[in-house]
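The block underneath contains the structure these notes are about, expressed in structure tokens.
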Amino acid sequence: MNIERRLSSSRVSHALHVPSITVGLALLAVYVIWGSTYLAVRLALQSFPPLLLSGIRFLLAGSLLFLILRLRGLPAPTLRQWAWATVIGGLLLGVCQGGVVFAQQWMPSGFAAITIATIPLWTVLFLGIWSQ
């Protein structure tokens, strides 16, 4: 039995069916909200140093997410989870997002957004090259 027939006869296909307008609106929202982040960073760089700006952004976002999850009844993270979150957050702040914010001092926000948007393409390209 081929995969298309199995998917069409299963409940999975019904759960995955989303009207195309919904997908389009979701992508539009992601592009506008996500893309405007880089414009906001560019404007905020006029008042804050890059890594402090990223740190404030991470602290606010993390605090908001922590509060929302706690209000929804989820337990607080364990010490091990806090330790790994600290490692990942440090790498995001010091290397990934911190590097983008640092570079945005000299590059337009639109170029930064487009550059970051190509990361999945580069990932697939390098995966294809190195997995052969």
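The values are calculated or read from the model by the stated rules, or taken from the named source; none is laboratory data. Quick caveat, the model's predicted, so the values are computed rather than measured. In this analysis, Cβ positions are derived from the backbone assuming ideal geometry, glycine residues included, and neighbour counts consider all displayed protein chains.
For the stretch 17-25, the count of residues that are at pLDDT 90 or above and either over 30 Å from Q104 (Cα atoms) or among the basic types (K, R) (or both) is zero.
Working carefully through the options P75, P108, find the one that is modelled with pLDDT of 90 or more, out of contact with any Pro (no Cβ under 9 Å at 6 or more places or on another chain) and within 17 Å of A44 (Cα to Cα). So the residue among P75, P108 that is modelled with pLDDT of 90 or more, out of contact with any Pro (no Cβ under 9 Å at 6 or more places or on another chain) and within 17 Å of A44 (Cα to Cα) is P108. Among residues of the stretch 63-90 being in contact with a helix residue (DSSP H, G or I) (Cβ under 9 Å, 6 or more places away or on another chain) and assigned to a helix (DSSP H, G or I), the one that is surrounded by the most Cβ atoms within 10 Å (Cβ to Cβ) is G89. The numbered conditions (1) assigned to a helix (DSSP H, G or I); (2) touching a residue at least 24 places away in the same chain (Cβ under 8 Å) are all true for A40 except (2).
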